[in-house]
Amino acid sequence: MSDDVDVDAVVVGAGFAGLYMLHSLRGLGLSCRVIEAGSGVGGTWYWNRYPGARCDVPSLEYSYGFDDDIAREWTWTERYATQPEILRYLEFVAERLDLSRDITFDTRVVSAAVDEGASRWVVTTDNDEMISCHFLIMATGCLSAANLPAIDGVDDFGGPTYHTGQWPRGGVDFTGLRVAVIGTGSSAVQSIPLIAEQADRVIVFQRTPAYAVPAHNRPLDPAEVEQVKADYPRWREVARNTGTGFGGHLAAPLVGALEVDEEERRRVYDERWAAGGLAFLGSFNDLMFVPAANDTAADYVREKIAEIVDDPELARRLSPATVIGCKRMCVDTGYYETYNRENVELVDLSGSPIERLTATGIEVAGTVHECDAVVFATGFDAMTGAIDRIDIRGRGGLALKEKWAAGPLTYLGLQVNDFPNLFMITGPGSPSVLTNMVVAIEQHVEWIRDVIEKMHTEALATIEPEADAEADWVAYVNAVAELTLFNGCSSWYLGTNVPGKPRVFMPLPGFLDYKQRCDEVAAAGYEGFVFGVAMPAR
Ligand code: FAD
Ligand code: N01
C-alpha cells in the first residue's frame, strides 16, 4: 500500500457528474480527489466511441447550465452532437476549470468502508492506494458498467470482439469484414447503419425489436445557436422546470391521445415524427399511462417501419409488439433503411437464443452464422451495476450489495441508511435516466454541495437517511412506477437485462415533482435525514 491520503471528499468518476461535483466542492474550499477508471475525463463520452455514437437530447440542452461563460464560449455544431464533440466539450470544461490536477486516471475504486470511530470513509483502489475521506460521492454513472452476456464459447471465437461501451480509442476498421452485431438497443441502432456502410456484411442478432424514431439530425445554424445562447439562462430555467429536464421550449401536450379524433392524432404524430427525436413520446399526455393511448403511438411507428422497410416479412420482424417507451426509445439515423441494403441480414432470436460462439461465427438453432468480428451492443448493468462492482461497507460492515439484494433502497436516490456520508449522483430512486441527465446531475450536485456546506458551517460530522424515510421513499417510487406503463416489458430500467438481478423499476418518473420534493426536504431542515456530531456506532 502507498502512503495514506487524507481529503475532505473522494468522488468516483469523471463524467458530467464527477467534474461538476469536483468544481462545486472546490468552491466550498474542500480538498477533493476524483478517481477515474478511464485515462481521461468524459465518462460515457470517453468510453462509447462506437461508430454513430451521439446524444439523443439536443446538444444545446445536453450541456452544463451552471456556468454562463462556458455556455457562451462553447459552440455546438449539430442538433445531436457526436461522441467526439461531446468528449471535446467535457475536455474543454475540465481544462477551463483546471479540474484534471485533482483527478487520478487509470485507477479503479475497488472498495470503500466506513471507519465509524473517525467518521470517515477508507477508499481503496486497484493501485493499492488507500484514501481517507469525510464524504464519498459516487459519480459512477447509470450506464457505465458494461453488460457482457455469458454466452458459451466467447473465448473460442477466432476474431476480435467489441462492446460498444468499451470501444477501442483508436477506432475499428471493418472494411471487408463480416460483422455480427448482437443487440438492437440504442447503441446498435446508432452503429448498425455506419458499420453497414463500411463492412462487407452485417448480421444483426435481434432478441427484441426496438422502437426508433428519426433524429433528423442537422448542422446547427450559427444564427440559431446565437439566439439560444442569448436566451440561455431562461432556456435552462424552463428545462429545469419540466418533467424530463428538457424540451421546455416545445409546447407541452395538454390532451390525451384518446381525447382527439383519428385525424388529429395522426396530424400530431406526423408533426412529431417530422420534427424528430424523443419528443415523439410527448405527443400526448397519456402515452405512458393508458394502454389504449400507447397503442396508437406504437401502431403509428409500426406503420412507419412497414413503409420504410421494403421486405414486408423483415418489416414485421423489426416491429416491436410491446408498449412503446417501456424500453428506452431509440433515436435513429437511417436504422430501418439499413435493412434495405443487400449486405445486411437479421437473425431473429425470439424463438431461439444464441447457443454459442464458435471459432468462426455465432450459432443459433443449429446454424452457424459465419463472421469475422462480433460487436456486443448488449448494454449495461444499469443504475446499480457500477456501484455494486465496488465492495462498499457501511456501519457494522454491512455490504451495500447485500442491502440491495432485493433491489436498491435509497432515500431520494441520494443516500442510503447505514451508509453515512455516502452520496450517489443520479442514484436509483431518482429521475436520472428518465431525464436530460445533465439537468438531473446538476440538481443532485447542487443539493449535495449545499448540504455539505451546511455540515461544514455547523460542524456536523455525518448525514444519513432515517430507515423509515428510506422505506417510505422506496414505496413511493414503486407506487409512481405502478401508475405508468414502464412495467409493461423487460428492460434495463427494471434490471431484467442482467440474469439474476431483481426485477425492480429503478428510476423515478417526473423530474419537476422530484426536484420540488428535494427542495422541500432541504427547506424543512433536511427532513428524513439525521445529522450526527460524531459517527454513531451501529
Ligand atoms: P458517466 O458518464 O457514466 O461517468 C461515470 C464514470 O465513472 C466513468 O468514466 C467510469 O469509468 C467511472 N467509474 C465507474 N466506476 C468506477 C470505479 N469503481 N472506479 C473508478 N471510476 C469508476 N443521457 C442523456 O440525458 N442524453 C443523451 O443523449 C444520452 N446519450 C447517451 C449515449 C450513450 C451511448 C450512453 C451510454 C448514455 C447516454 N446518456 C444520455 C446517459 C449518460 O450516461 C449521461 O447523460 C451522462 O453522461 C452520465 O454522466 P455521469 O458522470 O453520471 O456518468
Ligand atoms: O443497451 P440496451 P444500449 N442475446 O440495453 C440485447 C443509452 N444510450 O447500449 O431487448 C441477445 O438498450 C438486448 O435485447 P433485449 C440509452 O439510455 C443512448 O443499446 O434485452 N441479445 C438489447 O436489444 C440506452 O437505452 C444512446 O431482448 C442480447 C440490446 O442487447 C442505454 O444507453 C445510444 C443479449 C441491449 O440494448 C443502453 O443502450 C446508446 C443476449 N444474451 C445508449 N443480451 C443515444 O442514442 C442483451 N441483448 C443517445
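Summary of computed values
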{"quantity": "Normalised contact order of the stretch 27-103, rounded percent, pairs of Cα under 8 Å and 6 or more residues apart", "calculated": "42 percent"}
{"quantity": "Accessible surface ranking that places the most exposed of Glu363, Glu520 first, with a 1.4 angstrom probe", "calculated": "Glu520, Glu363"}
{"quantity": "Alpha-carbon Rg/Rh ratio, for the chain, with Rh computed the Kirkwood way", "calculated": "0.96"}
{"quantity": "Calculated over the stretch 204-266: convex hull of Cα atoms, volume per residue (Å³)", "calculated": "194 Å³"}
{"quantity": "Radius, Kirkwood style, for the stretch 134-274 when every pair of distinct Cα atoms is counted (Å)", "calculated": "20.2 Å"}
{"quantity": "Residues of type lysines that Lys401 reaches as a straight line, Cα spacing below 17 Å, ignoring anything fewer than 8 places off in the same chain", "calculated": "Lys501"}
{"quantity": "Hits among lysines - C-alpha to C-alpha of Lys229 under 28 Å, sequence gap 8 or more where chains match", "calculated": "Lys515"}
{"quantity": "Radius 14 Å from Cβ of Thr175, net charge of other residues (Lys, Arg +1; Asp, Glu -1)", "calculated": "-2"}
{"quantity": "Over 29 Å [Cα-Cα, the stretch 1-152], rounded percent", "calculated": "23 percent"}
{"quantity": "Accessible area, probe 1.4 Å, largest first, for residues Phe66, Phe289", "calculated": "Phe289, Phe66"}
{"quantity": "Backbone N under 19 Å from the Glu313 label point (7 Å along Cα→Cβ), restricted to the stretch 339-358", "calculated": "339-352"}
{"quantity": "Per residue convex hull volume, Cα atoms of the stretch 390-489, in Å³", "calculated": "121 Å³"}
{"quantity": "Across the chain: Cys residues that no other cysteine approaches within a C-beta distance under 4.7 Å", "calculated": "Cys32, Cys55, Cys133, Cys142, Cys330, Cys371, Cys518"}
{"quantity": "Euclidean distance of C-alpha centroids, the stretch 1-74 and the stretch 109-178, integer Å", "calculated": "16 Å"}
{"quantity": "Given charges at Cβ of Lys, Arg, Asp, Glu: the stretch 417-466 dipole, positive-most of Gly429, Phe419, His456", "calculated": "Gly429"}
{"quantity": "Relative contact order of the stretch 1-129, pairs being alpha-carbon contacts under 8 Å that are 6 or more residues apart, as %", "calculated": "28 percent"}
{"quantity": "Quotient of C-alpha Rg and 2.2 N^0.38 Å, computed over the stretch 353-404", "calculated": "1.90"}
{"quantity": "For the stretch 254-284 and the stretch 359-436, distance of Cα centres in Å", "calculated": "34 Å"}
{"quantity": "Most to least accessible of His23, His444 (protein chains only, probe 1.4 Å)", "calculated": "His23, His444"}
{"quantity": "Net charge over other residues, Cβ less than 14 angstrom from the Cβ of Asp348 (K, R count +1; D, E count -1)", "calculated": "0"}
{"quantity": "Where labels lie 7 Å past Cα in the beta-carbon direction, separation of Arg26 and Glu259 in nm", "calculated": "4.9 nm"}
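The values are calculated or read from the model by the stated rules, or taken from the named source; none is laboratory data. Keep in mind that what you see is a predicted model, and the values were worked out from it rather than measured. Glycine gets a Cβ as well: all are built from the backbone with ideal geometry, and neighbour counts include every protein chain shown. We work out accessible area using only protein heavy atoms, side chains counted, and drop any ligands, DNA or RNA first. Shrake-Rupley method; radii C 1.70, N 1.55, O 1.52, S 1.80 Å.
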